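As structure tokens, the structure follows; a few thoughts come after it.
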Amino acid sequence: MEPLRPGPLAEALLRAPFPRRPVQRVWQDTLLQALDPSISDGDAYCAVALLLCSTGCEGLANAAFEGGVRPLHLVAAGGGTLRDPDRLTTARAQTLLPLLLGAGAELEARDELHGATALGWAAGNVCLAGLSCLVGLGADVEAEDHYGMTVQARLVIQGFQDAEDFLKETWRLSKPRSAPSLPALRCRLGPWAEAEARLGAARRVALLVRGLAERQVELPGTAAELMAKFCMDFHLWPPTTQPKLP
């Protein structure tokens with residue numbers, strides 16, 4: 001597994017994960033920013049994962065925006081039907097879509113207006129990266145929307161004449177992709193996200209140990225390590241890492 005490479009977007013969320021705006025709005029804005037080509041894949045991954053993992057944010061992966069649009073719809077379509085579908089690269093799709101599914105997103109959830117799944121949204125915006133990734137994740141290519149249109153029909157209407165061959169080839173080449181669970185995701189983010197909390201706890205306990213030593217008092221066994229763990233000031237989720245004392 002590649003090491004995490006957080007950037008400005010993820011670091012800003014870590015410092016102030018819940019600004020004075022509704023979490024739902026922060027979540028939608030973060031998703032759209034995570035699709036920006038100027039944001040690195042690692043930064044996009046860490047930013048989205050950080051919000052998904054935070055205590056109190058359970059259900060964000062499947063939260064409905066206006067019109068019943070789900071996060072999976074937005075990402076699969078490259079941000080929405082009015083945006084440039086090419087902005088979603090294959091690497092970004094393979095990073096974010098499994099992440100959402102692992103956090104509880106419903107693969108076949110439909111929006112209220114069109115009754116389209118995330119795969120239908122990707123087809124409607126001719127977002128080939130989203131299409132390919134969702135097919136590999138097991139999305140139903142035969143699902144029909146409120147108008148009775150399948151994914152292939154949507155692609156043809158949008159002028160993609162090789163839709164049938166594209167879907168067949170995509171299915172042939174697709175490989176099952178794993179979706180990380182939230183506990184596994186927290187363990188992966190922990191070394192980065194909890195770094196300042198670990199350092200602060202280690203410093204506080206080191207000062208305490210030094211003060212006790214000056215009074216010729218020695219803590220028994222692993223007491224210092226337990227105290228450092230207890231002193232970790234990290235509230236996004238139960239810490240998955242422990243401070244290292246000198």
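Observations, loosely collected:
- Residue within segment 196-205 that is closer than 20 Å to ALA49 by Cα and either without any contact (Cβ under 8 Å) to a residue 12 or more places away in the chain or acidic (Asp, Glu) (or both) present: yes
- Of all residues in segment 140-195 being modelled with pLDDT of 90 or more and among the aromatic types (Phe, Trp, Tyr), the one that is farthest from ALA116 (Cα to Cα): TRP192
- Residue within segment 140-159 that is outside the structural domain of ALA49 (by TED's automatic domain parsing) and among the hydroxyl-bearing types (Ser, Thr, Tyr) present: no
- Selection of segment 88-102 for residues being surrounded by 16 or more Cβ atoms within 10 Å (Cβ to Cβ), modelled with pLDDT under 90 and closer than 23 Å to GLN158 by Cα yields only LEU88.
- Restricting attention to segment 217-243, the residues that are modelled with pLDDT under 80 and not small (Gly, Ala, Ser) add up to 4.
- Of the helices (runs of 4 or more DSSP H) lying entirely inside segment 50-161, those containing at least 2 residues that are closer than 30 Å to ALA16 by Cβ and not aliphatic (A, V, I, L, M) span 71-76, 90-102.
- One residue from ALA105, ALA109, ALA139 being of a type in the set (A, V, I, L, M), surrounded by fewer than 20 Cβ atoms within 10 Å (Cβ to Cβ) and closer than 30 Å to SER54 by Cα: ALA109
- Segment 112-150, residues that are closer than 20 Å to ALA91 by Cα and hydroxyl-bearing (Ser, Thr, Tyr): SER132
- Within segment 192-208, the set of residues being surrounded by 19 or more Cβ atoms within 10 Å (Cβ to Cβ) and part of a helix (DSSP H, G or I) comprises ALA193, ALA197, ARG198, ALA201, ALA202, VAL205.
- Verdict on SER181 being in contact (Cβ under 8 Å) with a residue 12 or more places away in the chain and buried (at least 20 other Cβ atoms within 10 Å of the Cβ): no
- Meets criteria (of a type in the set (S, T, N, Q), without any contact (Cβ under 8 Å) to a residue 12 or more places away in the chain and either surrounded by fewer than 19 Cβ atoms within 10 Å (Cβ to Cβ) or farther than 27 Å from GLY102 by Cα (or both)) for GLN161: yes
- Number of positions in segment 220-246 that are at negative phi and part of a loop (DSSP other than H, G, I, E, B): 18
The values are calculated or read from the model by the stated rules, or taken from the named source; none is laboratory data. Model, not experiment: these values are computed from the prediction. Note that each Cβ is placed from the backbone with ideal geometry, even for glycine, and that neighbours are counted across all protein chains shown.
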